[in-house]
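Asker: Following this message is one structure expressed as structure tokens.
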Amino acid sequence: MARDSVTTLGSTIALKPIYTVGTVGDGTEELRRPTRNLARSVSTTEEERPRVTMEEITALAKRRGFIFQSSEIYGGIGGFFDYGPLGAVLKRNVKDAWWREMVELRDDVVAFDSSIIMHPRTWEASGHVAAFHDKLVDCRNCKHRFRADHLPSLEKCPDCGMSGTLTEPRNFNLMMKTAIGPMEDTSSQAYLRPETAQGIFVNFKNIYQSARKKPPFGIAQIGKSFRNEITPGNFTFRVREFEQAELEFFVPQDGNDLAWFEQWVSARKQWYSDYGVRAERLRFYELTPEERPFYAKAGIDVEYLFPWGWGELESIAHRGTYDLDRHIEYSGKDLQFFDEATKQKYTPILIESSAGMDRTTLTMLVDAYQREAVVEGEKQSERTVLRFHPKIAPVQVGVFPLARNKPELVERARAIESALRPRFRTQYDEGNVGQLYRRQDEIGTPFCIMVDYDSLGDATVTVRDRDSMLQDRVAQSALADYLAERL
Ligand code: GAP
């Protein structure tokens with residue numbers, strides 16, 4: 001697979017493989033990402049770039065329980081991560097936000113959930129068995145391994161500096177293998193899916209018939225995918241186990257396919273904007289005809305400006321009839337749509353939006369991150385604040401008593417927290433007030449409620465806004481409405 005990469009700020013990021021099938025010079029089909037114009041990938045102003053390093057993000061993610069290295073006590077395992085108590089909620093909120101807009105609020109998209117392991121023929125039909133690969137080279141001297149497309153030249157090993165020690169590039173398939181049943185022979189070999197989309201294609205007929213849908217309509221699913229990436233990196237950006245949110249939207253062959261493509265690009269732009277991702281750090285790059293597979297009429301990569309440079313979050317593609325045609329060919333089954341009204345059979349055209357949920361979650365963390373000076377009276381300090389959109393924030397309301405050794409305050413704060421819990425994501429905490437605010441800022445909690453001695457007399461509390469740090473005095477009885485309006 002020909003994969004390109006982007007060099008920025010001194011580091012090289014590979015752009016991901018896409019399963020577009022194109023025909024290369026020798027006539028073999030190859031799943032490939034055609035060559036991209038790299039120059040455009042480095043043009044950005046310093047102002048737009050997030051003012052945080054990935055080291056700071058990784059440290060905060062661990063300290064506050066967003067993301068941990070998988071199996072850390074055994075030294076970790078490359079390309080796998082675990083989501084901690086706050087990270088699990090953050091990622092769920094991102095997925096829920098996608099699901100809400102893409103499925104629940106539409107009457108032309110249905111839900112789906114397919115198995116991770118599918119019949120191996122699926123991956124022959126899709127082209128993954130033959131061509132979902134990167135090119136690898138090994139150094140015979142230092143035994144280090146590289147991706148051929150990451151090396152400036154194949155003459156010299158970049159690690160040990162020896163000339164003529166690199167092997168010829170050879171293909172390395174990115175699909176993870178497993179075996180089904182007790183015998184581990186070739187007949188039991190199966191793959192962990194490298195994308196969720198194929199589950200939708202092979203079920204196209206089951207779904208449209210049972211859901212009584214006709215094109216234009218879409219099928220959506222969120223699920224785990226696996227790719228044996230040679231060089232996982234940039235924290236959770238390129239990993240070996242990740243979640244995808246994919247929408248496969250099937251449209252009739254009536255000449256409106258490009259209009260549908262445009263509609264989906266607009267819908268996705270709106271989504272990122274609605275959930276607060278800064279417009280100046282987001283771009284929708286239109287693939288040129290040379291960059292698109294031969295059967296596609298249009299393609300857009302959604303990219304975010306990470307601390308190391310631009311990285312892809314999502315691809316939106318016009319895929320023609322390619323995917324259904326391949327499964328019709330390989331399965332021998334009729335997956336065409338029969339239109340009762342016109343009594344015509346046809347293969348619908350596919351518009352696909354495929355977003356990585358781990359990358360989107362990482363985007364939310366990076367985009368929300370801010371370090372700023374705080375002046376309180378005579379005192380100057382700094383705070384780290386995650387300005388999450390309220391719908392994405394893992395905790396929406398923090399509640400604390402002014403003093404943890406005063407049972408009446410503790411009892412009142414706990415009562416308020418449990419009363420608000422059914423409506424908001426709340427957290428009770430106690431301790432030093434300044435530290436409590438700093439901690440809630442650092443996990444991105446939009447509002448904090450402080451119960452003090454006055455609260456016991458007049459049933460009012462202090463509500464502090466994360467972003468402005470301004471405080472309001474609010475009647476306990478009006479709290480839920482006050483918060484609902486702002487969240
Ligand atoms: N069905 C189309 C498809 O899979 P893709 O561009 O290869 O297209 C879609 O993948 C999205 O999945 C990417 O834009 C990215 O967000 C996510 N993704 C792909 N490989 C990934 C990896 N190794 N780690 C994290 N996310 C990945």
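Asker: Counting only residues that are among the charged types (D, E, K, R), give me the strands (runs of 3 or more DSSP E) lying completely in region 408-487 with at least 2 of them. Give the derivation first.
Answerer: Numbers: elements: 426-428, 447-451, 460-465, 471-475.
Strands (runs of 3 or more DSSP E) meeting the threshold: 460-465, 471-475.
Asker: Follow-up question, since we're still on this one. Restricting attention to region 367-392, and to residues there that are closer than 28 Å to Gln263 by Cα and touching a helix residue (DSSP H, G or I) at 6+ places or on another chain (Cβ under 9 Å), which single residue is most open to solvent (accessible area, probe 1.4 Å)?
Answerer: Across region 367-392, the extreme among qualifying residues is Lys391.
Asker: Six or more apart or on different chains, Cβ under 8 Å: which pairs go from a residue in region 72-95 that's within 16 Å of the ligand (Cβ to nearest atom) to one that's in a loop (DSSP other than H, G, I, E, B) and modelled with pLDDT under 95? Could you list them?
Answerer: Gly78/Pro232; Gly79/Glu229; Gly79/Pro232
Asker: Something else about it: If you go through region 165-183 one residue at a time, do you hit one that is open to solvent by 70 Å² or more (accessible area, probe 1.4 Å) and among the hydroxyl-bearing types (Ser, Thr, Tyr)?
Answerer: no
Asker: Moving on to the next point. Those residues that are of a type in the set (Gly, Ala, Ser) and more than 18 Å from Arg64 (Cα to Cα), I need them from region 376-425; list them, please.
Answerer: Gly377, Ser381, Ala403, Ala413, Ala415, Ser418, Ala419 - these are the residues of region 376-425 that are of a type in the set (Gly, Ala, Ser) and more than 18 Å from Arg64 (Cα to Cα).
Asker: Being farther than 30 Å from Glu104 by Cβ, touching a Phe, Trp or Tyr at 6+ places or on another chain (Cβ under 9 Å) and of a type in the set (Asp, Glu): is that true of Asp159 here?
Answerer: yes
Asker: Can you pull out the residues in region 431-487 that are aromatic (Phe, Trp, Tyr) and in contact with a Leu (Cβ under 9 Å, 6 or more places away or on another chain)?
Answerer: Phe447, Tyr453
Asker: Collect the residues in region 239-269 that are open to solvent by less than 10 Å² (accessible area, probe 1.4 Å) and in contact with a Ser or Thr (Cβ under 8 Å, 6 or more places away or on another chain), keeping them in residue-number order.
Answerer: Answer for region 239-269, where residues must be open to solvent by less than 10 Å² (accessible area, probe 1.4 Å) and in contact with a Ser or Thr (Cβ under 8 Å, 6 or more places away or on another chain): Ala245, Glu246, Leu247, Phe249, Trp264, Arg268.
Asker: Let me confirm something: among Leu409, Leu436, which residue is without any contact (Cβ under 8 Å) to a residue 40 or more places away in the chain, open to solvent by less than 20 Å² (accessible area, probe 1.4 Å) and on the phi < 0 side of the Ramachandran plot?
Answerer: Result of the check over Leu409, Leu436: Leu436.
Asker: Does region 327-344 contain at least one residue that is within 16 Å of the ligand (Cβ to nearest atom), assigned to a helix (DSSP H, G or I) and either free of Cβ contacts under 8 Å to residues at least 60 places away in the same chain or more than 28 Å from Leu362 (Cβ to Cβ) (or both)?
Answerer: Keep residues of region 327-344 that are within 16 Å of the ligand (Cβ to nearest atom), which gives 327.
Then drop every residue that is not assigned to a helix (DSSP H, G or I), which leaves 327.
Next cut, either free of Cβ contacts under 8 Å to residues at least 60 places away in the same chain or more than 28 Å from Leu362 (Cβ to Cβ) (or both) only: 327.
Yes, the conditions are met somewhere in region 327-344.
Asker: Being open to solvent by 10 Å² or more (accessible area, probe 1.4 Å) and within 12 Å of the ligand (Cβ to nearest atom) is the filter here; which residues of region 297-309 pass it?
Answerer: Ile300
Asker: Using beta carbons and a limit of 6 Å, which pairs, at least six apart or on different chains, have the first residue in region 239-265 and in contact (Cβ under 8 Å) with a residue 60 or more places away in the chain and within 12 Å of Glu352 (Cα to Cα) and the second one of a type in the set (D, E, K, R) and within 16 Å of the ligand (Cβ to nearest atom)?
Answerer: From residues that are in contact (Cβ under 8 Å) with a residue 60 or more places away in the chain and within 12 Å of Glu352 (Cα to Cα), the pairs are Glu248/Glu352.
Asker: Next question. Are there any pairs, at least 6 apart or on different chains, whose C-beta atoms fall under 6 Å, with the first in region 271-294 and on the phi > 0 side of the Ramachandran plot and the second open to solvent by less than 60 Å² (accessible area, probe 1.4 Å) and not aromatic (Phe, Trp, Tyr), and if so, which?
Answerer: Gly276/His389
Asker: If you don't mind, another one. Report the residue count in region 230-239 for those that are near the ligand (Cβ under 8 Å from one of its atoms), under 13 Å from the mean Cα position of the chain (by Cα) and not polar (S, T, N, Q).
Answerer: So the answer is 3.
Asker: In region 204-231, what residues are of a type in the set (S, T, N, Q) and surrounded by fewer than 18 Cβ atoms within 10 Å (Cβ to Cβ)?
Answerer: Asn206, Gln209, Ser210, Thr231
Asker: Another question about this same structure. Tell me which residues, restricted to region 123-138, are under 26 Å from the mean Cα position of the chain (by Cα) and open to solvent by 10 Å² or more (accessible area, probe 1.4 Å).
Answerer: Selection gives Val129, His133, Lys135.
Asker: Whether any residue in region 139-146 is open to solvent by 30 Å² or more (accessible area, probe 1.4 Å), under 30 Å from Leu247 (Cα atoms) and touching a residue at least 12 places away in the same chain (Cβ under 8 Å) is what I want to check.
Answerer: So far as region 139-146 goes, no, none of its residues is open to solvent by 30 Å² or more (accessible area, probe 1.4 Å), under 30 Å from Leu247 (Cα atoms) and touching a residue at least 12 places away in the same chain (Cβ under 8 Å).
The values are calculated or read from the model by the stated rules, or taken from the named source; none is laboratory data. Everything quoted here is computed from the prediction, not taken from an experiment. Backbone-built Cβ (ideal geometry, glycine too); neighbour counts: all protein chains shown. The protein model used for the area step is the full one, side chains on, heavy atoms only, and it has no ligands, DNA or RNA in it. Shrake-Rupley method; radii C 1.70, N 1.55, O 1.52, S 1.80 Å.
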